[in-house]
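Structure first, commentary second.
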Amino acid sequence: MSSHQDIPAVDLQDTSPEEAAAKAGTLIESLPWVKRYRDQIVVVKYGGNAMISEELQDAFAQDIAYLRYVGVRPVVVHGGGPQISSMLDRLAIPSEFKGGYRVTSTEAISVVRMVLTGHINPQLVAKINSHGPLATGLSGEDAGLFGGRKRGVVIDGVEESLGRVGDVVKVDPSAVLDHLDAGRIPVVSSIAPDLDHPGQSLNVNADAAAAALAIALKARKLVVLTDVAGLYADWPNRDSLVSHLTADELREMMPRLESGMIPKMQACLDAVEGGVGAAAIIDGRVQHSVLVELFTSKGIGTQVTAS
């Protein structure tokens, strides 16, 4: 970590002694968690509503900068589903989903690349860098970071084509590690070169890409931002929110999950089975949910651990 970076101060002026003590108490509560995650890699998958609300974008950028300043080594992986859908609609290119995955035609893949790498990535980098020269943008196509292979999806026992959609089957984290060692925050867009068709790109699910990268980096934790409060054991019963479960318990639940939750929970399961310390899905619609998850004893959302 760069030693010249100062930890941001909390302004305790112009507050009553009681308010100042409450603020100090909040900071002290986070101490065990700051100690736990200091110098550890935490991979955060950014997406959903947190990505399209200006207020939530700003709060997310603050969270990521804060992590870096207190000694955590954050890595951000982002998708861009809402923005991709919007651009495809604007260009009158049909958009279809199968089993929770976007079908990506040859025509659509250029739009996916443009939105992910040309628009969302630099925008997020700029947001984080408003708090200091910390973040740097990367694509899964850069320096052999990701290698992809086409995949389909099985629906009712039949495999359906997803077009230019793939799985991340190879990760070379060298470029990300180089940036981390230089004290930077890598911000990675979820697109990958097609290993079987040189020169072609694949749209890869950002949840799965984040899990694959977290495994390759031997991350302490994977945090997935989503548009719900967490995993519900009996959706839509909102009293059935699960705060913690093991990999075995999650594997047993997977066949009963809503299709949109499957990629996210599969990413958590893959990460934990691949050696990541823990994985959590949290509500990206809540400001500063990343800090609440990492630096409070209760956390937020649903955490998955090996046992």
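What follows draws every value from the coordinates through simple rules; no lab data is involved. Computed from a predicted model, the values in this text were never measured in an experiment. Note that we place each Cβ from the backbone using ideal geometry, even for glycine, and neighbour counts take in every protein chain shown.
Once you place label points 7 Å from the Cα toward the Cβ at A20 and S240, how far apart are they in nm?
5.1 nm
Principal axes first, then extents: for the Cα atoms of the chain, list largest minus smallest coordinate on each axis, whole Å, largest first.
64, 42, 36
Hey, with R₀ at 22 Å, roughly what FRET efficiency would Y69 and K35 work out to, going by the Cβ-Cβ distance, to 0.05? Before the final figure, lay out the partial values.
Working: r = 15 Å, r/R0 = 0.69.
The computed FRET efficiency comes out at 0.90.
To check you understand DSSP bridge types, tell me what percent of the beta bridges within the chain (both residues inside) are antiparallel, rounded to 5.
40 percent
How far is the Cα center of region 138-197 from the Cα center of region 244-307, in Å?
What the calculation gives is 21 Å, centre to centre.
For a quick protection proxy, order the peptides 238-244, 220-226 by their average other-Cβ count within 10 Å, most packed first.
220-226, 238-244
Where Lys and Arg each count +1 and Asp and Glu each count -1, what net charge lies around F295 among other residues with Cβ under 13 Å from its Cβ? Working shown, then result.
Working: positive: K35, R36, R38, K221, K298; negative: E29, D63, E293.
Taking every Cβ under 13 Å from that of F295, the sum is +2.
Counting only helical runs of four or more DSSP H residues, what would the 222 nm mean residue ellipticity of the chain come to if each run contributes -39,500 (n - 2.57) and the total is spread over all its residues?
Mean residue ellipticity at 222 nm (helix-derived): -10500 deg cm²/dmol.
Taking a label point 7 Å from the Cα of I28 along the Cα→Cβ vector, which residues of region 36-74 have an amide N closer than 19 Å to it?
Inside the label zone: 36.
Rounded to whole Hz and in sequence order, give me ³J(HN,Hα) for region 55-66 from the Karplus expression 6.51 cos²θ - 1.76 cosθ + 1.60, θ = phi - 60°, writing x for Gly and Pro.
The phi angles translate into 5, 6, 4, 5, 5, 5, 4, 4, 4, 5, 5, 4 Hz.
Please check: in the Gaussian network model of the chain (C-alpha springs, under 10 Å), which one of T246, T15, T106 has the largest mean-square fluctuation.
Fluctuation is largest for T15.
Suppose the chain between L195 and S259 were pulled fully straight at 0.36 nm per residue; how much longer would it get relative to their current alpha carbon spacing?
Numbers: separation 64, 0.36 × 64 = 23.04 nm, distance 2.75 nm.
Fully extending the segment from L195 to S259 adds 20.3 nm.
Given charges of +1 on the Cβ of Lys and Arg and -1 on the Cβ of Asp and Glu, with all other atoms neutral, how large is the dipole of the chain about its Cα centre, in debye to the nearest 20?
500 debye
Given the Cα-Cα distance of S85 and D248 and 0.36 nm per residue of separation, how much length would full extension add, in nm?
In short, 55.2 nm is gained.
Can you tell me the length gained on complete extension of the stretch S110 to D58, counting 0.36 nm per residue apart and subtracting the Cα distance?
Gain on stretching S110 to D58: 15.9 nm.
Taking 7 Å along the Cα-to-C-beta vector as the label spot, tell me the D227-A92 distance in nanometres, rounded to one decimal.
2.6 nm
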